[in-house]
1. Could you tell me how many of the residues in the range 139-151 are in a helix (DSSP H, G or I) and either modelled with pLDDT of 95 or more or crowded, with 21+ Cβ neighbours inside 10 Å (or both)?
2. With the condition kept exactly as written, say whether any residue in the range 129-138 is crowded, with 16+ Cβ neighbours inside 10 Å and more than 19 Å from the chain's Cα centre (by Cα).
3. Contact list please: Cβ distance under 8 Å, first residue in the range 214-235 and touching a residue at least 60 places away in the same chain (Cβ under 8 Å), second residue part of a helix (DSSP H, G or I), pairs at least six apart or on different chains.
4. Could you please find all residues in the range 4-13 being assigned to a loop (DSSP other than H, G, I, E, B) and either out of contact with any strand residue (DSSP E or B) (no Cβ under 8 Å at 6 or more places or on another chain) or within 27 Å of residue 131 (Cβ to Cβ) (or both)?
5. Return the pairs, sorted by first residue and then second, in which the second residue is part of a helix (DSSP H, G or I), the first residue lies in the range 108-127 and is outside the structural domain of residue 149 (by TED's automatic domain parsing), the beta carbons are less than 6 Å apart, and the residues are 6+ apart or on different chains.
6. Which pairs turn up if I take residues in the range 40-54 that are free of Cβ contacts under 8 Å to residues at least 12 places away in the same chain and look for partners that are crowded, with 24+ Cβ neighbours inside 10 Å with beta carbon separation below 8 Å, at least 6 apart in sequence or on another chain?
7. Looking only at residues in the range 187-219 that are in a loop (DSSP other than H, G, I, E, B) and out of contact with any strand residue (DSSP E or B) (no Cβ under 9 Å at 6 or more places or on another chain), which one is modelled with the lowest pLDDT?
8. Name the single residue, out of those in the range 235-261 being in a loop (DSSP other than H, G, I, E, B) and either on the phi > 0 side of the Ramachandran plot or touching a helix residue (DSSP H, G or I) at 6+ places or on another chain (Cβ under 7 Å) (or both), that is surrounded by the most Cβ atoms within 10 Å (Cβ to Cβ).
């Protein structure tokens, strides 16, 4: 049996982070959050990695916080809880801003922080039997740390409903509201993930990092003279980059760009 709360494997340019607490539905605790944070920092600086896949072992993707973790937070002071919540916020921020594409493969149940993990990834694919819930309100809590990522993924009105009701939704509804991009038969989840990875490997790695930065820069910003100037500066900078020159030359010469194998 694999050991450790997460597993990190490499296959060429693809790194896979696997949540590995199947006996408790891959629920979060301090150790898992710290290990994810450490691995994301390493992956951010690893130029050999082009795409990061986030997956999980067992019947569930991630059931939020584990029972012992919840018990500790319930007994902790406000200051201790701030330290704890800040660690989760940092981990999700690192995943959201990782300068390379991320793909979540979701099976079984995703609850609370598990939904936040999905929304912090660029692409999310769900098995047909998957279910989702943002259930903090049922415990007298709020989905505070995950809220920016969920709202960014599905919008304010849809997030309001899920936050306030704590209801569970199925994969079809998750796809309809934009929580996941694609739903496939359970047995096809890994294959569909591989198809998306192949698509991502066709893009320029620098361009993909720039795209993630661009999205962060323009989302929820007014369309004004500043934004027009900022977007013009970004494309001018990227056009002058070695990767863009190679990509455009490859297109004109009807050959594959150097990053495509």
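1. In the first step, residues of the range 139-151 are kept if they are in a helix (DSSP H, G or I); the result is 139, 147-151.
Applying the additional criterion that residues be either modelled with pLDDT of 95 or more or crowded, with 21+ Cβ neighbours inside 10 Å (or both) yields 147-151.
So the count comes out to 5.
2. In the first step, residues of the range 129-138 are kept if they are crowded, with 16+ Cβ neighbours inside 10 Å; the result is 130-136.
Remaining after also requiring more than 19 Å from the chain's Cα centre (by Cα): 135-136.
So far as the range 129-138 goes, yes, one or more of its residues are crowded, with 16+ Cβ neighbours inside 10 Å and more than 19 Å from the chain's Cα centre (by Cα).
3. 219/152
4. Passing the criteria: 4, 5, 12.
5. Cβ pairs passing all conditions: none.
6. Once the first residue is free of Cβ contacts under 8 Å to residues at least 12 places away in the same chain and sits in the range 40-54, no partner that is crowded, with 24+ Cβ neighbours inside 10 Å comes close enough.
7. Just the residues of the range 187-219 that are in a loop (DSSP other than H, G, I, E, B), to begin with: 201-204, 219.
Imposing the further condition that a residue be out of contact with any strand residue (DSSP E or B) (no Cβ under 9 Å at 6 or more places or on another chain) reduces the set to 202-204, 219.
Numbers: 202: 95, 203: 96, 204: 96, 219: 89.
That would be 219.
8. My answer is 259.
The values are calculated or read from the model by the stated rules, or taken from the named source; none is laboratory data. These numbers were taken from a predicted model, which means no experiment stands behind them. Methodologically, a virtual Cβ is constructed for each residue, glycine included, from the backbone with ideal geometry; neighbour enumeration extends over all protein chains shown.
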